[in-house]
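A.B. asks: Have a look at this one.
Read the figures in this text as sums done on the coordinates, not as results from a lab. Computed from a predicted structure; not experimentally measured. Note that we place each Cβ from the backbone using ideal geometry, even for glycine, and neighbour counts take in every protein chain shown.
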């Protein structure tokens with residue numbers, strides 16, 4: 001069946017992979033046949049032109065920490081891990097900035113700049129601009145600050161001795177522009193632990209009680225976070241319950257080998273009316289077995305008392321979970337309605353994400369964490385750089401209110417947090433917020449995306 005009647009037509013489709021830069025590619029189709037009247041061959045041709053379009057500019061930054069005597073890319077701590085050093089050691093940071101793709105697939109990045117917050121994300125006065133090697137001039141502005149797609153620029157900070165004893169997390173932010181003058185940005189952090197070899201984690205279960213109250217189990221986990229020195233914990237006390245030695249299952253002294261942990265718990269009855277916040281801090285004190293240095297760590301947990309009311313809804317609440325190397329990312333935003341006398345500065349704020357596997361993320365910001373900002377004092381901000389390291393936590397939180405036409409106080413919230421979200425394997429997840437004793441909770445199926453989950457509208461009637 002290879003003939004065609006006069007006036008008839010036939011169609012066909014060809015598929016191929018085009019590998020090209022932006023130079024146009026011409027492709028010619030030729031059809032051949034035979035004239036039945038004289039047996040002579042006949043043919044016809046038609047050309048088509050295809051032009052490849054470059055993908056948008058992409059940029060990424062990787063930041064690591066290394067001893068000042070070490071070599072970047074050789075001796076540094078693996079990205080996403082903690083570099084443990086003595087309090088007198090000199091250290092430096094290493095940076096790799098890469099423009100994504102290749103010159104044949106992606107547009108370049110112009111006006112590249114790398115800034116390190118030096119461990120104080122809320123204070124720009126000490127930010128440092130990092131000099132990068134490998135940048136070139138591409139946009140004819142007389143500045144060698146551009147990066148061709150697929151190219152890498154590197155940089156190092158000046159060596160320094162940590163001035164803060166303990167865990168220090170610095171964030172580097174790289175910015176640039178694509179050829180259409182639209183911004184591109186990425187960030188990465190590195191964490192140094194400069195000598196404190198003890199860590200303590202305190203949890204409360206449950207951390208929200210329905211009035212008038214109930215029994216709460218406080219669990220304490222003491223960990224020697226150094227991989228060389230023994231630590232002896234000689235004192236364990238609580239700001240509310242006092243000396244914990246002999247209370248519940250707790251006993252000191254405890255000698256912890258490198259990276260070892262000790263766990264104990266107490267049970268207490270907490271009572272109060274709706275909106276009451278119970279906050280207490282545990283303090284672990286001990287001695288470093290190698291340096292004989294006194295070491296101390298503390299952790300605060302908050303328990304809220306809520307009214308026994310129908311659970312309220314969260315309006316227009318998009319949320320996302322992204323699986324990352326190191327700590328995973330959890331972000332949520334939306335609107336909740338609260339009474340006019342609600343004050344974020346004097347009450348606690350809790351956000352919880354869970355599914356049938358259990359609690360995926362849960363943190364409570366105690367009173368005094370969210371601080372008023374802005375000319376109208378209607379914006380409340382919390383920042384904690386260490387939320388992106390260690391066991392994770394809330395990195396940034398914001399609450400902002402406005403009064404709508406119905407005189408309802410609508411509070412817009414936005415939370416960015418990090419943690420271990422490996423149990424986020426089921427589509428049905430529950431987002432729960434407790435603010436000032438008011439509970440907001442909603443459950444919906446999430447959509448699987450390339451590196452995690454997302455839900456575009458986490459909504460229930462208010």
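A.B. asks: Rounded if a/c is under 1.5, else prolate if a/b is larger than b/c, else oblate: which is the chain, with a ≥ b ≥ c the root eigenvalues of its Cα gyration tensor? Don't jump to the answer; show the numbers that get you there.
C.D. replies: Details: a/c = 2.47, a/b = 1.65, b/c = 1.50.
Taking the square roots of the gyration eigenvalues as a ≥ b ≥ c, the chain is prolate.
A.B. asks: Among rounded, prolate and oblate, which fits segment 102-260 when a ≥ b ≥ c are the square roots of the eigenvalues of its C-alpha gyration tensor, a/c under 1.5 means rounded, and a/b larger than b/c means prolate?
C.D. replies: Working: a/c = 3.57, a/b = 2.36, b/c = 1.51.
Taking the square roots of the gyration eigenvalues as a ≥ b ≥ c, segment 102-260 is prolate.
A.B. asks: Same structure, new question: Taking R0 as 25 Å, what FRET efficiency do you get between residue 240 and residue 373 from their Cβ-Cβ distance, rounded to the nearest 0.05? Each step should come with its number before you reach the end.
C.D. replies: Details: r = 31 Å, r/R0 = 1.23.
After rounding to 0.05, the efficiency reads 0.20.
A.B. asks: Okay, next question. Can you put 156, 301 in order, fewest other beta carbons within 10 Å first?
C.D. replies: Numbers: 156 17, 301 22.
The fewest-first ordering by Cβ neighbours comes to 156, 301.
A.B. asks: Tell me, how many Å apart are the Cα centres for segment 325-377 and for segment 113-151?
C.D. replies: Distance between centres, Cα-based: 33 Å.
A.B. asks: Now, a different point. Roughly how many nanometres apart are two label points built 7 Å out from the Cα toward the Cβ at residue 296 and residue 32?
C.D. replies: 9.2 nm
A.B. asks: On a full-extension model of 0.36 nm per residue, what is the gain between residue 449 and residue 104, subtracting their alpha-carbon distance, rounded to one decimal in nm? Provide the component values of the computation, followed by the final result.
C.D. replies: Working: separation 345, 0.36 × 345 = 124.20 nm, distance 2.73 nm.
Going from the current span to full extension adds 121.5 nm.
A.B. asks: Still on this structure, I have one more. For each of 74, 240, 455, count neighbouring Cβ atoms within 10 Å of the residue's Cβ, then give the residues from fewest to most. Present the calculation step by step, with values, prior to reporting the outcome.
C.D. replies: On the way: 74 8, 240 12, 455 20.
Going from sparsest to densest Cβ surroundings: 74, 240, 455.
A.B. asks: Right, next: Multiplying the sequence separation of residue 133 and residue 3 by 0.36 nm and subtracting their Cα-Cα distance, what value in nm do you get? Intermediate values should be presented prior to the final figure.
C.D. replies: Details: separation 130, 0.36 × 130 = 46.80 nm, distance 6.57 nm.
So the extension gain works out to 40.2 nm.
A.B. asks: Then there is this: Suppose the chain between residue 205 and residue 391 were pulled fully straight at 0.36 nm per residue; how much longer would it get relative to their current alpha carbon spacing? Write out the running numbers ahead of the final one.
C.D. replies: Numbers: separation 186, 0.36 × 186 = 66.96 nm, distance 1.85 nm.
Taking 0.36 nm per residue and subtracting the Cα distance, the gain is 65.1 nm.
A.B. asks: Where does each of 439, 174 land when they are ranked from fewest to most other beta-carbon atoms within 10 angstrom? Don't jump to the answer; show the numbers that get you there.
C.D. replies: Working: 439 20, 174 28.
The order, fewest Cβ neighbours first, is 439, 174.
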